[in-house]
Each structure stands twice: as structure tokens, then as C-alpha cells.
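Engineer: Just passing along the structure, written as C-alpha cells.
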Amino acid sequence: MTARAIIIGAPRSGSGKTSVTIGLLRAFARRGVKVRGIKTGPDYIDPGFHAFAAGTPGLNLDSWAMQPDLLRHLFAQQAEDAELLLIESAMGLFDGIVVPENRTGSAADLARLFSIPVLLVLDVSGQSQTAAAVAHGFAHYDPAVKMSAVVLNRGGSERHRTLCSDAIEKIGLPVAGCVMRDPSLVLPERHLGLVQASEHPEIDAHIERLADAMESSIDLDALLALASPVDLSQGSVDAAIAPPGQRIALAQDAAFTFLYPHLQRHWREAGAEIIPFSPLADEAPDESCDICWLPGGYPELYAGQLAAAHRFKAGLDRFSQTKPVHGECGGYMVLGDALEDADGVTHAMTGLLSHATSFAKRKMNLGYRQATISADSPIGRAGDVLRGHEFHYARVIDQGHDEAFAQIADGQGKPIGASGGRRGFVTGTFFHAIAKG
């Protein structure tokens, strides 16, 4: 079987890429097409929707954080036994950071690397023929990135659809369909983006509505024909982050949700066993494990419940006396002394590190990070450089007195300073690791 692929891109965030992608994944799956989703960039939430819609695992591909050989390896894995890959762009199609060619983090990098055409989603609300000027710009901005067709989103009427479609087709781009404006198709959001698929109370019904809308609005047969067969060149896992242990106790519940799919898959394929537990259910890490991993998530929404989880806190403390414990972002917040919630109430956390964080005094931290590890840790040795990402509104209000976990720089290499903390076997940082530098 030769997989075909198409990138679903747009001029900006908020154009409707996610709704179109999710709806198309379910619509093709309902037809019996073996379809899988991919999200470009460091987005944890959309791959969960992709997986729910398609019934197959989601994946992140990030051209800045992942070396080309790792991208090839992960892309080939996702294409195994697949007929169609739908790749959802982050932000605008060409948006990334200014670094050497094809390592910007944009979806356009993947279009060039794998010769994948683009389905351009245009939000045409508030315009008509001007949509053709936007499409013309995309078609000619980079000759190495091919626009295969346009999908109009948030059309207002049949006349509106015709005005936009006729103008776009005159410049030589086919219009694969028009999704009419419908507020019921909008996915709910909160401070880190969409509410996660696992938390949506009627997620399956919502995805079915999206699939119905895409099936009635877009020519699926034409779209499948527009997707290009992919070249699955041999890649490598040399830049993948090795399993932090043989048996990994993984915090996993509504407060701890953000772990990249490619990490879990690689760890399992490398022979590691992942043993989930729920701090919100007051469960402690399995003592037979040789490391405990606290991923990111939303601990600020459950701070009181976590503060009262005495078995979890005592069990984690015992575990940390002899074995490594690592926390990323939300996990790092829980490893500290205290967490101030949105209402300004301070809750006692595990105290395994000495910092304190606040969600009441909010400040958005967003961007790529290069982390040079200060001392041997579960995710690398002293001096190793990892690439990853930060996205959080909480901030440190008391630095504490622990040694720094890493020195970090931004995506262009500009130093930011010390990050996280280290005490005994316990390490933590706001930085989410994606791959080796």
C-alpha cells in the first residue's frame, strides 16, 4: 500500500483548519479509508482530536525540534498501513522562526521535505473576490510549496460561495468545496487552546457533525485524488529521546495529559514499559518502576484536589528518595512547594523542589527552547542539548534554592537563563522536551 498525503494549511490561526481536519478524518474513516492525522508544531491537543476522529494514533512533526532523519522515521511510521495522511498546519502555513532553511517549524518545511501538496483553507467571512488575491499569493509565494486546491470556510450564502469560487478558479486553483458558516461546529476552548478531546462531553457527536458538514461540503473523491503518494525515505531514531527508564510510572489523568505521542511510542518500541497512575485518584507511582514522570497538563484547575491527595504525595516522596522523578511544565508546578490557583488561593504541592508557582499572576510564556542540561538527568546527560517548547500561563513567584535543571535559549539560540530545578533524584522544568538538538 502506498500512502498519500496532503497538508491542510491556512493564512492564520482561527481559519478553521482543525475543524476541517477533524471532520475530514472522520468522513474518510467512515468510508473505510485507512486515514491518519499529523499535526505540525508542538501542539499536544490536536493530535488527540485526530486520534479520536480517525480511530488511529495521532502524531506531531516539528521541523525545528526534530532533525530531518527523525522526521523521516516518524513520518514513515505514521504512514504504515495507511492510505491517506492528513497533515494539519499550525498557525499560518509559512509561519515559523527565522533560522536556516527547512528548520523553521512551519508546515511549509514538511511540504518541501516530503513534496506534499497543500489544501488551502480560507476563512472567507467578510470578503468575497479578495479571497482569490490571498490564494494567488499562496500559490506564488514559494514555488517549492504547491497549492493543490482551496476549501472555503464560513461561507455566508450560495451567492457568497459563487463569488469566491469563481474568482479563485480564474487564477487556476480548483475549489474543492465550501463549508458554510455554522456556530455549532466550533470547538470549545480554554487558556491553552482547545478543550481536549478526552474532556469534551459529547466529542463523538460533535465529530460526527463535523464529518457530516465536510462530506456535504467537500468533494472527498477529488480531495483523495489531489493527495500525493509519499516518498518514505529511510529515517533514523538517533535524535529521539531515549526512554528515561525501563519501567516508567507515568502520571495520567485530567491534571496530567501533555506527553507527545512520538515519545510514548518510541519508549515502548525501545523496550520500556509505561505504568500509568492517577494523582487525582490519590494513587502513588508503582514502587516497582525505576522512574516517575509527571507530564504537563492542567494542575492549576485541580490544585485543591492535588493538595489533598496525601497518598500520592507520600508515595511520590518515598519514590524520590531512591529513584528519579521528573516533571515537565504542569508536573514541574506540582513538584514545587506551592501552587497559587486562579482565585489567588495557595495550595501545598509535593515540596520535592522548593519553588512556588502562580496561575493568578498570569503571564504567557510561549516559544521554542534549546535546553543544555546542567547535570545527568532522566532525559539526558550533563551538556546534552535538547530541543523543545514552552507554553504556559503560570509563572514562578518564588525561585526557591534548588540547583538549575538546565540553561535554556530560544529557538534562534539567544540565551534566556536558568530553567527548572534539581534536588537529589528530583528534576523539573517548564520546558517540554521533543528531541535531541
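The values are calculated or read from the model by the stated rules, or taken from the named source; none is laboratory data. Nothing here was measured: the structure is a model prediction, and the numbers come from that model. Counting neighbours? That spans all protein chains shown, and the Cβs are built from the backbone with ideal geometry, glycine included. We work out accessible area using only protein heavy atoms, side chains counted, and drop any ligands, DNA or RNA first. Shrake-Rupley method; radii C 1.70, N 1.55, O 1.52, S 1.80 Å.
Engineer: Quick check on the range 312-327. Is at least one of its residues assigned to a loop (DSSP other than H, G, I, E, B), at pLDDT 95 or above and buried (at least 16 other Cβ atoms within 10 Å of the Cβ)?
Structural biologist: Applying the first criterion (assigned to a loop (DSSP other than H, G, I, E, B)) to the range 312-327 yields 321-324.
Now drop any that are not at pLDDT 95 or above, which leaves 321-324.
Subsequent filtering for residues that are buried (at least 16 other Cβ atoms within 10 Å of the Cβ) retains 323-324.
Yes, the range 312-327 contains a residue that is assigned to a loop (DSSP other than H, G, I, E, B), at pLDDT 95 or above and buried (at least 16 other Cβ atoms within 10 Å of the Cβ).
Engineer: Across the range 231-243, which residue is farthest from residue 152 (Cα to Cα) among those that are open to solvent by 20 Å² or more (accessible area, probe 1.4 Å) and not small (Gly, Ala, Ser)?
Structural biologist: 243
Engineer: If residue 71 satisfies all but one of (1) in a helix (DSSP H, G or I); (2) under 17 Å from the mean Cα position of the chain (by Cα); (3) farther than 27 Å from residue 138 by Cα, what's the number of the condition it fails?
Structural biologist: (3)
Engineer: Now a separate question. Yes or no: residue 271 assigned to a loop (DSSP other than H, G, I, E, B) and surrounded by fewer than 19 Cβ atoms within 10 Å (Cβ to Cβ)? Let's see the steps before the verdict.
Structural biologist: On the way: assigned to a loop (DSSP other than H, G, I, E, B): yes; surrounded by fewer than 19 Cβ atoms within 10 Å (Cβ to Cβ): yes.
Here the answer is yes, as residue 271 does meet what is asked.
Engineer: With the checklist (1) modelled with pLDDT of 95 or more; (2) surrounded by fewer than 19 Cβ atoms within 10 Å (Cβ to Cβ) in hand, flag the one item residue 176 doesn't pass.
Structural biologist: (2)
Engineer: Oh, and also: Here is a check on your reading of the model: is residue 145 assigned to a strand (DSSP E or B), touching a residue at least 12 places away in the same chain (Cβ under 8 Å) and either open to solvent by less than 20 Å² (accessible area, probe 1.4 Å) or of a type outside the set (Val, Ile, Thr) (or both)? Lay out the reasoning, then the answer.
Structural biologist: Values: assigned to a strand (DSSP E or B): no; touching a residue at least 12 places away in the same chain (Cβ under 8 Å): yes; either open to solvent by less than 20 Å² (accessible area, probe 1.4 Å) or of a type outside the set (Val, Ile, Thr) (or both): yes.
Taking the combined requirement at face value, the residue does not satisfy it.
Engineer: Additional query: Please go through the range 341-398 and give me each residue that is under 24 Å from residue 322 (Cα atoms) and not aliphatic (A, V, I, L, M), ordered by number.
Structural biologist: Within the range 341-398, 350, 351, 354, 355, 374, 376, 377, 378, 380, 381, 383, 384 meet the criteria.
Engineer: Residue 320 is checked against (1) farther than 30 Å from residue 267 by Cα; (2) in contact (Cβ under 8 Å) with a residue 40 or more places away in the chain; (3) not aliphatic (A, V, I, L, M) and fails just one. What number does that condition carry?
Structural biologist: It is condition (1) that residue 320 fails.
Engineer: Out of the residues in the range 197-230 that are buried (at least 21 other Cβ atoms within 10 Å of the Cβ) and within 23 Å of residue 257 (Cα to Cα), state the one that is modelled with the lowest pLDDT.
Structural biologist: 197
Engineer: In the range 17-38, what count of residues is obtained for those that are open to solvent by 10 Å² or more (accessible area, probe 1.4 Å) and either in contact (Cβ under 8 Å) with a residue 12 or more places away in the chain or under 12 Å from the mean Cα position of the chain (by Cα) (or both)? Outline the logic, then answer.
Structural biologist: First pass over the range 17-38, keeping only residues open to solvent by 10 Å² or more (accessible area, probe 1.4 Å): 17-19, 26, 29-34, 36.
If we keep only those that are either in contact (Cβ under 8 Å) with a residue 12 or more places away in the chain or under 12 Å from the mean Cα position of the chain (by Cα) (or both) too, we end up with 17-19, 26, 29-31, 33-34, 36.
Qualifying residue count, the range 17-38: 10.
Engineer: Which residues, counting only those in the range 391-414, are surrounded by 16 or more Cβ atoms within 10 Å (Cβ to Cβ), farther than 20 Å from residue 345 by Cβ and within 21 Å of the chain's Cα centre (by Cα)?
Structural biologist: 391, 408, 409, 411
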